[in-house]
Structures are given as C-alpha cells and as structure tokens.
Amino acid sequence: MAVSSDEPIRVVETAPGYKDAPKATGVYLMYDEEGTVIYVGKAVNLKLRMQQYFRPGGDGRRSVPFLVEKVRKIEFRITGNEAKAFLLEDELIKKHLPRYNVMGRDDKSYPSLELTVLEPFPRLIPAHRHLKKGSRYFGPFIVGVSADELLRRYRDRFKLRRCTVNQMKKGKPCLYYQIERCCAPCLGSISEEEYAGYVEKITSSLRRYERIQSKVEEE
C-alpha cells in the first residue's frame, strides 16, 4: 500500500517540555542553543513521547538526561500517519546527521553484512562481528562503497524481509510492507523459490564486492 502524501505536513515549534507538544503522529527535531539539530525521532503520539523525555524517570536510556539538558527548541512535523513519519524521520536523519542519532548516521558502525541463510526467507542485516552460526558474513567493506550503502541498495531493489522469524509467523504485515519496502513473505506474497533467487543474486553480488576489496587491499 502506497503512503498518501495528499495532506501537507504541518510544522509546530515549542520550547523544551511536553505541555505544548501536539497530540498527533509525526516527527520531532530537537535543537541546541546554536540552532543545530541534535536529535530526530518519530512518535504516534508526540505529546506522550515528550513526556517520556521531560518527566523524571520517563525514559530509561542513560543518554537522555545529557540530550535533554542541551535542548533549547523542539520542532514538530505533523504527518498524520505513522508510515509518513517513518519515511520523514529517515530523510531528516540523513539530512542533518544529528549527534545523538549515532546508529542512524554512522556508516562505519556496520562494516559487514550478515545473511541469515538458515532462516526461512533470509534477512540481510548489518553486523559488527561474525558471531552467529548458520549465518553468512560479507565484508568488511572499506573502499568504494560502504556496508550501509550496499544494505540500502539490496533492500530497496529486492524488498527483503526485515522482521524476526516470530514476527513473520504471525502473518501480520509490518510497516515496511505498507510503504512498499517489503515483499511480505508473511502474507505468502512471494514463494520460497523466488525469494531464494533474490538471495542468490545478492550473494553473488556481495562476493564480487569482496573480491574488489581484496584486490584493492593487495595493491
């Protein structure tokens, strides 16, 4: 199902806190005193999300108090639905490279790729180390193209499954299917044979990239 973009995105700005935050679905951008975006996030209910940040003990992450004390302004972009918020959050993280969105902005965090070959309808996911038995690893990719860029290319082209095996077994399509970024094996939308063909193409391609890496390193 395609994401509707008919309704314009509404922008609301507030001081740090949650009292003036809108009770709506969308994306929030946190700015420091220099006007720099230091964090981007999304929420189904932006007001409730801000309460988690600004009420004592509302969010258990250790980095949150350090983030909150630096926030001087919050900008809310009201999208009206979760799928549009998901896409907008990804776009804004890539645009602003916020300091506190470390995992979303740092290509070097994922130097290798893992293919979960023993799972039904295997996933291609980022990997720090070669740890799991029954998975195939490719990389690290140091020159020419990053693991993060390769991951985006293959996911966009082949729309591979991203959910866990248990989630897939529930037969309920995820947000990636709604925004046309998953082929939805949970719904039986693709056969195991066709999906295996995708996996073989990705494997062959990644082997070529590995050979290029080895050749460059040797030279």
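The values are calculated or read from the model by the stated rules, or taken from the named source; none is laboratory data. The structure presented is a predicted model; accordingly, all values stated were derived computationally and were not measured. Note that each Cβ is placed from the backbone with ideal geometry, even for glycine, and that neighbours are counted across all protein chains shown.
A few comments on the model shown:
- Enumeration of residues in segment 68-85 that are in a helix (DSSP H, G or I) and under 28 Å from TYR176 (Cα atoms): GLU82, ALA83, LYS84, ALA85
- Within segment 195-203, not a single residue is buried (at least 18 other Cβ atoms within 10 Å of the Cβ), modelled with pLDDT under 90 and not basic (Lys, Arg).
- Across segment 128-171, the number of residues qualifying as touching a helix residue (DSSP H, G or I) at 6+ places or on another chain (Cβ under 8 Å) and at pLDDT below 85 comes to 13.
- Some residue of segment 13-23 being among the basic types (Lys, Arg), part of a helix (DSSP H, G or I) and under 30 Å from GLU180 (Cα atoms): no
- Some residue of segment 86-107 being at pLDDT 95 or above, within 30 Å of ALA184 (Cβ to Cβ) and not in a loop (DSSP other than H, G, I, E, B): no
Table: residues versus (1) part of a strand (DSSP E or B); (2) at pLDDT 85 or above; (3) buried (at least 20 other Cβ atoms within 10 Å of the Cβ).
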{"position": "VAL27", "(1), (2), (3)": "yes, yes, yes"}
{"position": "ILE38", "(1), (2), (3)": "yes, yes, no"}
{"position": "GLN51", "(1), (2), (3)": "no, yes, no"}
{"position": "ASP59", "(1), (2), (3)": "no, no, no"}
{"position": "PHE66", "(1), (2), (3)": "no, no, no"}
